[in-house]
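The values are calculated or read from the model by the stated rules, or taken from the named source; none is laboratory data. If you're wondering where the values come from, they're calculated on a predicted model, not measured in any experiment. So basically every Cβ, Gly included, is an ideal-geometry build from the backbone, and we count neighbours across all protein chains shown. Please note that ligands, DNA and RNA were not included when accessible areas were found on the heavy atoms of the full protein model with its side chains. Shrake-Rupley method; radii C 1.70, N 1.55, O 1.52, S 1.80 Å.
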Amino acid sequence: GYPLYENTEVFIGANEYNYNSNASAHYKDALQNMNTSAGYNNVIASKNALAARGATYPNYGLRMAKGILDANPVPEVVILFTDGTPGYSGYDSNVASDAVDEADNLKNNGVTVYTVGVFEGADATAAGIAQGANSRLANQFMQDVSSNNGTPRDPSYYLSASDADTL
């Protein structure tokens, strides 16, 4: 298996800083100005360094997002990208609940939260259900975390794709 925090990190360019070790030391530098070539190139390098592996812990990612926003006084938008259901192996309701609480914390402080799901069965038009197959649970989770607040909307704060090429 993979260490708990291996797939939970902050990227600056191609450099990754893991949640459980040194991510918080880089929060101030994590936001990039997309109006500069350096900022743009860092975001592209970060995107290219992403890898789908290990468990999915969006609650830690959202906690890091709050730390980044606290370190950088800017208009606040958070985008949560995920490649699967929250948890180590299948849907973990405790991890999901913690992530929804973290997102609610952000939203209650004026942050707009977008979610982007790239997984089999991802469907931003579906409300999902609170029980059942992992893709239905994951879609409900994505609706709950986003500023949709549990209900599909048009335009939506939850975007979905079945694979990276579709995204």
TODO: Examine the range 59-80 for a residue that is in contact (Cβ under 8 Å) with a residue 60 or more places away in the chain and touching a helix residue (DSSP H, G or I) at 6+ places or on another chain (Cβ under 6 Å), and state whether such a residue exists.
DONE: yes
Open item on the list: Being of a type in the set (Val, Ile, Thr) and closer than 22 Å to Leu167 by Cβ is the filter here; which residues of the range 69-92 pass it?
Closed with: Val77, Val78, Ile79, Thr82, Thr85
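Within the range 51-67, take every residue that is within 17 Å of Ala99 (Cα to Cα) and part of a loop (DSSP other than H, G, I, E, B) and give me the one that is least open to solvent (accessible area, probe 1.4 Å).
Per the stated criteria, the residue is Ala55.
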Task: Checking Thr36 against (1) open to solvent by 40 Å² or more (accessible area, probe 1.4 Å); (2) of a type in the set (Val, Ile, Thr); (3) under 29 Å from Ser97 (Cα atoms), the condition it does not meet - done: (3)
TODO: Name every residue in the range 19-51 that is farther than 24 Å from Ala164 by Cβ and among the charged types (D, E, K, R), in order of residue number.
DONE: Lys28, Asp29
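Quick one: in the range 68-118, of everything that is part of a loop (DSSP other than H, G, I, E, B) and within 13 Å of the chain's Cα centre (by Cα), which residue is surrounded by the fewest Cβ atoms within 10 Å (Cβ to Cβ)?
Asp83
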TODO: May I ask you to list the residues in the range 127-167 that are modelled with pLDDT under 80 and open to solvent by less than 30 Å² (accessible area, probe 1.4 Å)?
DONE: Gly128
